[in-house]
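Take a look at the structure set out below.
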Amino acid sequence: MIIPSVAQPGGSVSLNVVPSSYWLGTSSQFYVNLAGSSTEQCIWGNDDKPIGNWAPYIFGGGQARDGNTYISVQYNPLYTSMGFKTSDAYNVKIQCTG
């Protein structure tokens, strides 16, 4: 499922983390496109277009059976394996509330 969200420079976007009871205990995964991307670029990309599943970042989040929520951010292996430079990406911050 693709639900496009665009954070403006200096802005933020709330992300949903599914509970452990959701479909076989799966987690939420988010591909984060380069700065300046539009909602039209929230699509499946390919090795010559670093958008969507080829975006520079992957955010992940899930809830364990014990109720703890775990989040992660990493460079996308597809992005880096094709020679795209991580220095072309930007800084990100994950802030948890609650």
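The values are calculated or read from the model by the stated rules, or taken from the named source; none is laboratory data. For clarity, every value in this text was computed on a predicted model and none was experimentally measured. Glycine also receives a Cβ, built like all others from the backbone with ideal geometry; neighbour counts cover every protein chain displayed. Note: areas computed on protein heavy atoms with side chains; ligands, DNA, RNA excluded. Shrake-Rupley method; radii C 1.70, N 1.55, O 1.52, S 1.80 Å.
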query = Inside region 37-85, can you point out the residues that are small (Gly, Ala, Ser) and at negative phi?
reply = Ser37, Ser38, Gly45, Ala55, Gly60, Gly61, Gly62, Ala64, Ser72, Ser81
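For region 25-51, give me each residue that is part of a loop (DSSP other than H, G, I, E, B) and not aliphatic (A, V, I, L, M). Step through it out loud before you land on a result.
At the first step, the residues of region 25-51 found to be part of a loop (DSSP other than H, G, I, E, B) are 26-27, 33-38, 42-45, 47-48, 50-51.
Once the filter is applied, which keeps residues that are part of a loop (DSSP other than H, G, I, E, B) and not aliphatic (A, V, I, L, M), region 25-51 yields Thr26, Ser27, Asn33, Gly36, Ser37, Ser38, Cys42, Trp44, Gly45, Asp47, Asp48, Pro50.
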inquiry  = Restricting to region 70-90, count the residues that are closer than 18 Å to Leu15 by Cβ, in a loop (DSSP other than H, G, I, E, B) and open to solvent by 60 Å² or more (accessible area, probe 1.4 Å).
reply    = 1
request  = Starting from residues that are closer than 17 Å to Leu15 by Cβ and in contact with a helix residue (DSSP H, G or I) (Cβ under 6 Å, 6 or more places away or on another chain), keep the ones in region 32-61 and report whichever is surrounded by the fewest Cβ atoms within 10 Å (Cβ to Cβ).
outcome  = Asn33
